[in-house]
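Peer 1: To start, I am sharing the structure in question, which I have written as structure tokens.
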Ligand SMILES: Cc1cc2nc3c(=O)[nH]c(=O)nc-3n(C[C@H](O)[C@H](O)[C@H](O)COP(=O)(O)O)c2cc1C
């Protein structure tokens, strides 16, 4: 059987295959962060998709940490019941495993859903004051508030409380969002962190807060459940965070008990020049995996099943995350299994759909 369809174990969690549905914000929550019918349809589809793991979209640990007013939240105990309904889909036969991406949008918070054509929201149209590592703005947007040491404690407490809620909702895994120019990425990047205290300065200082958050979350999450981190391996701008920084950060995360790093890129600067193409972020995954020894998730234009499997076979990643390809074809895993050497996991009511079973009498 091809590697894409072989199980992969992280702590006590065994994924039935190496296919991951990448976290994808739906901008479809109520304006109070709650799960809606849209999420039940969307994640229900992926629970029946055959993917070994689905990671829920960026879910805000504080209301001001939402990207848009319609982003999912986990800052209140009242969010648990809706999230549990989503998790329950994955407990049905052939359902895969399910994780949640814990997020705070930092200096890129308070914007409208992307399809509206509106960017930053003002307080008049439902926007709010935003927070960053320092008061350095994302170009063209308002300056964020630089958190005081007391604010940093309060925000850390919100992350830890969110972990408790994720556990109560029944998630199998947590992915901490440190990518795409959001709050924890704001600390890592020299372009968004101009702090003069222990949480800024050289790379060691800039890594300190994200590492501290990871350390506290890991301690609050059951020991048998895995926790990974998504990072932007490079910012694609001169003098920004780069691959060398990502290797060092991944080594430090590994020492703290991180189970995997997912290698995305960009998001800090509008000046980024990204060389996009099939598998364009795979070299980041390969380098981090080889030099830090941590399992990696490769992502980014990997929806050709043969390419996805080749990346695994070449030792460039341990898991393959698919984003847009999964929206386009939620049965991606089934079709990949039919194209390659693999088996597909199908919920019992759908069993008769397999091409080999379609000639049976009804
Ligand atoms: C609609 C949409 C929403 C996304 N939301 C998130 C998100 O919430 N968190 C995240 O880390 N990445 C997010 N991403 C990035 C994807 O997870 C993925 O890294 C990216 O789309 C590249 O993979 P692909 O070429 O397979 O789509 C989003 C992408 C899309 C298309």
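Peer 1: Take region 35-166, drop everything but the C-alpha atoms, weight them equally and run the Debye formula without solvent; then report log10 I(q)/I(0) at 0.09, 0.16, 0.21 Å⁻¹ to two decimals.
Peer 2: Calculated log10 I(q)/I(0) at the listed q: -0.31, -0.86, -1.19.
Peer 1: Where the eigenvalues come from the Cα gyration tensor of region 177-328, what are the semi-axes √(5λ) of the equivalent ellipsoid, largest first, in whole Å?
Peer 2: 25, 19, 13
Peer 1: Then there is this: Can you give me the C-alpha center-to-center distance between region 7-73 and region 315-340, rounded to a whole angstrom?
Peer 2: 17 Å
Peer 1: Report, for the chain, the % of DSSP beta bridges that are antiparallel, rounded to 5.
Peer 2: Here the share of antiparallel DSSP bridges comes out near 10 percent.
Peer 1: Based on the Kirkwood radius over alpha-carbon pairs, what is the Stokes-Einstein translational diffusion coefficient of region 14-64 at 20 °C with 1.002 mPa s viscosity, in µm²/s?
Peer 2: In µm²/s, the coefficient is 178.
Peer 1: Could you identify which residue out of 148, 192, 28 has the top mean-square fluctuation in a GNM of the chain using Cα springs shorter than 10 Å?
Peer 2: In this elastic network of the chain, the residue with the biggest mean-square fluctuation among 148, 192, 28 is 148.
Peer 1: Kindly provide log₁₀ I(q)/I(0) values, in the same order as q = 0.33 Å⁻¹, from the Debye equation applied to equal alpha-carbon scatterers of region 217-257.
Peer 2: Debye curve over Cα of region 217-257, log10 I(q)/I(0) at q = 0.33 Å⁻¹: -1.13.
Peer 1: With N set to the number of residues, divide the alpha-carbon radius of gyration of region 104-151 by 2.2 N^0.38 Å and report two decimals.
Peer 2: 1.17
Peer 1: Something else about it: Distances longer than 30 Å among the Cα atoms of region 3-357: what percent of all pairs is that?
Peer 2: 33 percent
Peer 1: Shifting gears a bit: Could you bin all the Cα-Cα distances of region 88-226 into 10 Å bins starting at 0 and give me the percent of pairs in each, rounded to whole numbers?
Peer 2: P(r) over region 88-226, rounded to whole percents: 11, 36, 31, 18, 4, 0.
Peer 1: To continue, here is another question. Obtain the radius of gyration and the Kirkwood radius of region 57-124 from its C-alpha atoms and give Rg over Rh.
Peer 2: That ratio equals 1.07.
Peer 1: Oh, and also: Based on alpha-carbon centroids, what's the gap between region 85-121 and region 204-249 in Å, whole number please?
Peer 2: So the two Cα centres are separated by 20 Å.
Here, each number is a calculation from the coordinates, and none is a lab measurement. Values in this document were obtained by computation on a predicted structure and should not be read as measured data.
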